[in-house]
Amino acid sequence: MVPGDSEPPGTADASGDARVCVVATKPDTFARCRNGIYPTPPSYDRTRQPFAYMAFYRTAPVSAVTHYAAVTGRVEQARGQPGPLDDADWAETVAPFSDTETAIVFELGPLRELATPVVNDQSGLRGVRYCTLNDLRTADSLSGLTGE
């Protein structure tokens, strides 16, 4: 375990073998992650994949994976209906990428900062990458997240 890093209580799989979905986030989306939600169109494959954690590649102000969080739930929400997303959330994080009428909102535990960011040594992160929690904690660059 990384010094100062601890797993949230009740995590389904707190072992180093736990599956992680690494996603790219712009500042608006990362701000929502800090508030415990990560929205995505339901057409994206990640909405149907099993994983215990999400890790966040920040496109700005850094170009690196800096944080991760346990996934505590997945909620389907229709545009304009009650749920984790308000109108501003939808407009800033879902609408720019899809004209979908529904979104899948990953509910997140507290963000955990990586002791050492996983820096961009490629052309950034496109789509998603899957790895283990151990991979995430020990990789020093994106090419080190060899995944599955």
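Nothing in this text is a laboratory measurement; each read-out follows from the coordinates by a stated rule. What you see is a predicted model; the values in this text were computed from it and never measured. Here the Cβ positions follow ideal geometry from the backbone for every residue, glycine too, while neighbour counts run over all protein chains shown.
General remarks:
- For the range 51-129, applying the loop criterion from DSSP together with a ceiling of 15 other beta carbons within 10 Å to the chymotrypsin sites (Phe, Trp or Tyr not before Pro) yields 97.
- The ellipsoid equivalent to the alpha-carbon distribution of the range 48-117 has semi-axes of 24, 16, 10 angstrom, derived from the gyration tensor eigenvalues as √(5λ) and listed largest first.
- Added length on full extension, which subtracts the Cα-Cα distance from 0.36 nm per residue, residue 43 to residue 95: 17.4 nm
- For residue 87 and residue 123, the FRET efficiency from 1/(1 + (r/R0)^6), where r spans their Cβ atoms and R0 equals 25 Å, is about 0.15.
- Once both labels are positioned 7 Å from their Cα atoms along Cα-to-Cβ, the gap between residue 35 and residue 62 label points is 2.3 nm.
- The dipole here belongs to the chain: it is taken about the Cα centre, uses +1 on the Cβ of Lys and Arg and -1 on the Cβ of Asp and Glu, and is about 140 debye.
- Ranking 82, 120, 33 by how far each Cα lies toward the positive end of the dipole of the range 19-139 (charges on Cβ) leaves 120 at the top.
- For the range 43-148, the relative contact order works out to 27 percent when only alpha carbon pairs closer than 8 Å and six or more residues apart are counted.
- Eigen-decomposition of the gyration tensor built on the alpha-carbon atoms of the range 19-139 gives equivalent ellipsoid semi-axes of 23, 15, 13 angstrom, largest listed first.
- Annotation: extensible slack from residue 74 through residue 143 equals 22.0 nm (criterion: 0.36 nm per residue apart, minus Cα-Cα distance).
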